[in-house]
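Asker: Pasting a structure below so you can have a look.
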Amino acid sequence: MKLYNTMTRKKEEFVPIHENEVRMYCCGPTVYNYFHIGNARPFIIFDTFRRYMEYKGYKVTYVQNFTDIDDKMIQKANEEGITVSELAERFIEEYFKDANGLGIKRATYHPKATEHIDEIIQFIEKLIEKGYAYEIDGDVYFDTTAYKDYGKLSKQNLEELEAGARIQPGEKKRNPMDFALWKAQKPGEPAWDSPWGKGRPGWHIECSVMATKYL
């Protein structure tokens with residue numbers, strides 16, 4: 001079987017890292033609302049791929065996360081006058097209803113971002129130690145200029161990417177392309193203790209942490 005390799009931009013023979021074993025991660029929904037047809041597309045495609053691998057005799061470990069803390073979730077919860085965790089639980093339940101309706105099997109693991117705060121903090125600390133991230137006033141950003149291979153998958157260099165990047169109001173990052181790994185708490189937001197003060201994880205870090213843990 002041949003699969004398209006984004007890194008090399010060509011189809012290559014599929015050779016698993018471990019014989020007769022497949023480990024795969026599919027980025028799941030941010031649970032602030034029902035998922036739509038665009039969300040359903042990757043869920044169905046990866047589920048189909050996973051089923052085929054099982055049919056071919058592979059032992060498959062399949063991870064699909066739930067993003068249960070982010071800006072959209074906080075905004076929606078505030079609009080409804082409920083907690084972010086209450087909102088998350090409601091739409092995780094609705095996800096499974098719709099996934100069942102589409103015939104999508106449950107993943108081996110369905111981890112939630114908020115259940116991995118300690119691991120996220122440890123991961124960010126390692127990035128800071130290695131010089132790939134920096135802290136400013138309780139926010140931690142990934143330093144895209146420190147990682148020479150940044151843009152390798154998209155085949156774009158930093159100069160091309162920076163053309164469309166901008167710094168949002170209130171952000172103090174060094175470069176327009178840098179992104180938040182940890183966000184300092186704003187009034188009324190849920191937060192966790194960290195070496196950089198109370199805050200919450202940024203969207204970009206959670207899947208890296210959960211994929212590393214479960215795969």
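Quick grid of which residues meet (1) crowded, with 18+ Cβ neighbours inside 10 Å; (2) within 26 Å of residue 54 (Cβ to Cβ):
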residue	(1), (2)
99	yes, yes
103	no, yes
116	yes, no
121	yes, no
129	no, no
136	no, no
143	yes, no
147	no, no
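Asker: Does residue 62 satisfy the criteria of being at pLDDT 95 or above and outside any strand (DSSP E or B)?
Answerer: For residue 62, the condition - at pLDDT 95 or above and outside any strand (DSSP E or B) - is not met.
Asker: Could we say that residue 113 is closer than 22 Å to residue 87 by Cβ, hydrophobic (A, V, I, L, M, F, W, C) and either touching a residue at least 12 places away in the same chain (Cβ under 8 Å) or in contact with an Asp or Glu (Cβ under 8 Å, 6 or more places away or on another chain) (or both) here?
Answerer: On the way: closer than 22 Å to residue 87 by Cβ: yes; hydrophobic (A, V, I, L, M, F, W, C): yes; either touching a residue at least 12 places away in the same chain (Cβ under 8 Å) or in contact with an Asp or Glu (Cβ under 8 Å, 6 or more places away or on another chain) (or both): yes.
Spelling it out, residue 113 is indeed closer than 22 Å to residue 87 by Cβ, hydrophobic (A, V, I, L, M, F, W, C) and either touching a residue at least 12 places away in the same chain (Cβ under 8 Å) or in contact with an Asp or Glu (Cβ under 8 Å, 6 or more places away or on another chain) (or both).
Asker: In addition: Scanning for something under 30 Å from residue 46 (Cβ atoms), assigned to a loop (DSSP other than H, G, I, E, B) and modelled with pLDDT under 95, does region 132-147 turn up at least one residue?
Answerer: There is at least one residue in region 132-147 that is under 30 Å from residue 46 (Cβ atoms), assigned to a loop (DSSP other than H, G, I, E, B) and modelled with pLDDT under 95.
Asker: Follow-up question, since we're still on this one. Just checking, which of 22, 15 is without any contact (Cβ under 8 Å) to a residue 60 or more places away in the chain, touching a Phe, Trp or Tyr at 6+ places or on another chain (Cβ under 9 Å) and either closer than 29 Å to residue 149 by Cβ or not in a loop (DSSP other than H, G, I, E, B) (or both)? Before the answer, list the steps.
Answerer: Values: 15 fails: touching a Phe, Trp or Tyr at 6+ places or on another chain (Cβ under 9 Å).
When all the criteria are applied, what remains is 22.
Asker: For region 72-110, name all the residues that are aliphatic (A, V, I, L, M) and in contact (Cβ under 8 Å) with a residue 60 or more places away in the chain.
Answerer: Step one: filter region 72-110 for residues aliphatic (A, V, I, L, M), giving 73-74, 77, 82, 84, 87-88, 92, 99, 102, 104, 107.
Scanning region 72-110 gives 74, 84, 92, 102, 104, 107.
Asker: Out of region 41-62, which residues are farther than 21 Å from residue 1 by Cβ and buried (at least 19 other Cβ atoms within 10 Å of the Cβ)?
Answerer: Residue satisfying the conditions is 43 alone.
Asker: Here's another thing I want to ask about it. Filter region 19-40 down to the residues that are over 29 Å from residue 76 (Cα atoms) and surrounded by 15 or more Cβ atoms within 10 Å (Cβ to Cβ), then identify the one that is farthest from the chain's Cα centre (by Cα).
Answerer: Kept after step one, since they are over 29 Å from residue 76 (Cα atoms), are these residues of region 19-40: 19-24.
Next, from what is left, pick out any that are surrounded by 15 or more Cβ atoms within 10 Å (Cβ to Cβ): 22-24.
Details: 22: 20, 23: 17, 24: 14 Å.
Checking each candidate, the answer is 22.
The values are calculated or read from the model by the stated rules, or taken from the named source; none is laboratory data. These figures come from a predicted structure and were not determined experimentally. Cβ atoms come from the backbone with ideal geometry, glycine included; neighbour counts cover every protein chain shown.
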